[in-house]
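FYI, it's all coordinate maths here, none of it is from the lab. Everything quoted here is computed from the prediction, not taken from an experiment. Cβ coordinates were reconstructed from backbone atoms using ideal geometry, including for glycine residues, and neighbour counts include every protein chain displayed.
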Amino acid sequence: MSDLSPRIRAALQSIPSYKPGRPPAAREGVTSYKISSNENPYPPLPSVLQVVEDAATHLNRYPDMFATGLVNAIAAHLGVPAEHVATGTGSVGVLGQIVQATCGEGDEVVYAWRSFEAYPIVVGICGARAVQVPLTPDARHDLDAMAAAITDRTRLVLVCTPNNPTGPAVHADELEAFLDKVPSDVLVVIDEAYCEFVRDPKTADPLTAYRNRPNVAVLRTFSKAYGLAGLRVGYAVAHPDVADALRKTAVPFGVSGLAQEAAIASLKAERELLERVDALVAERDRVLAALRDQGWDVPDSQANFVWLALGDRTDEFAAACEEAGISVRPFSGDGARCTVAETEANDRLIEVCGRFRQGPTS
Ligand SMILES: *Cc1c(COP(=O)(O)O)cnc(C)c1O
């Protein structure tokens, strides 16, 4: 026996760990709200819960490995061929499948920064090199700079619209001009986790881009608008060679039967769920207006969160929120992402922001 430790790939050493949004600490006499993970504040619909309960009676069996019923439902819903739909354990799971399918050691993945914190992790796990392109001063993707960052090592480009954590969406004309510059052997993945919350008519429609271009894939999730974050189900819409590759890199039986059935039921209940999204969008616009009235310079969020570029005061702000019974998602030294949630939580956020602008809270 030697005393050497098991050898772990060197690539893992430089990977940041995912910091999940924390729930707020319990406080005597104060209802607290978790607004740190962009979750949907509404509980599952009774019709969806019923389907999950029924599906639970089959938990002794493996689920349908190819999620046939769900794939067909998504395909019908979007008007795309079923072969173009690949599911996974949340869209982060699907993104992992995409990186595995396209990138090896030393290959490059171009994406905007700051953007979704899962990107450096999934890219790093495969040993690929992250090429992070700074956002513009108004917290939008700099698509010209992203196009210029593509080299012959680039295998993948990630476009997050609306961008987590800053909020703005990519416009249709910008996306088209960008895609014209991307070589056809580089896959462009458009992460649309928040597409149901978009109201700006200038916003790009990634499904149109996918229809016109074999190197474009769209990522969507049931975690946000559909309120199924706890069940882990998302999907990609991609052309057959890409979609086939995603089925090969999927964790076998990764999407549970409960998740498949709940997602199908959620598509059926779409109208009811989208009414909730409308209510959240109205709340988002109310929060944005209130913060701007207070003098905050907030990016134009098309998602279910708002971004405060607090710089050095980020941690202080997060602590002030915590004190008020709301937990936001701080990115130290940069800013805080605050989920639009229950009306009471939003009111409290507006109140803390108002006080914070008026001076140090200590
Ligand atoms: C929340 C989020 C996802 C979705 O994650 P799931 O794995 O589907 O829960 C994907 N992309 C972005 C940018 C997100 O913010």
R0 of 30 Å, Cβ-Cβ distance N60-D244: FRET efficiency to nearest 0.05: 0.50
Once the piece of chain linking E275 and R355 is laid out straight, how much longer is it, given 0.36 nm per residue of separation minus the C-alpha distance between them? 25.6 nm
Arranged by the count of other C-beta atoms within 10 angstrom, fewest first, what order do C338, C126, C353 take? C126, C353, C338
Rounded to the nearest whole Å³, what is the per residue volume of the convex hull around the Cα atoms of the chain? 178 Å³
Tell me, M146, M65 in order of fewest to most beta-carbon neighbours within 10 Å? M65, M146
Rounded to the nearest 5, the percent of DSSP beta bridges in the chain running antiparallel is 45 percent
Using a cut-off of under 14 Å, list every residue of the stretch 134-150 whose amide N is near the label point 7 Å from the Cα of D297 along the Cα-to-beta-carbon line. 136-140
Filtering the chain for DSSP H helices with an axial alpha carbon extent of at least 27 Å and a Kyte-Doolittle mean of at least 1.6 returns none
What is the order of E192, E117, E344, fewest Cβ neighbours within 10 Å to most? E344, E117, E192
Note to self: C-alpha centroids of the stretch 12-44 and the stretch 118-153 sit apart, in Å, by 26 Å
Jot down the radius of gyration and Dmax of the stretch 279-334, Cα atoms only, both in angstrom. 11.7, 33
Assuming a viscosity of 1.002 mPa s and a temperature of 20 °C, what translational diffusion coefficient in µm² per second does Stokes-Einstein assign to the stretch 78-228, Rh being the Kirkwood radius over Cα pairs? 139 µm²/s
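Taking the Kirkwood radius as the inverse of the mean 1/r across Cα pairs, report the Rg/Rh of the stretch 226-284.
Dividing the radius of gyration by the Kirkwood radius yields 1.08.
Report the full-extension gain for the segment E344 to K202: residue separation times 0.36 nm, less the Cα-Cα distance, to one decimal in nm.
Gain in length upon complete extension: 48.0 nm.
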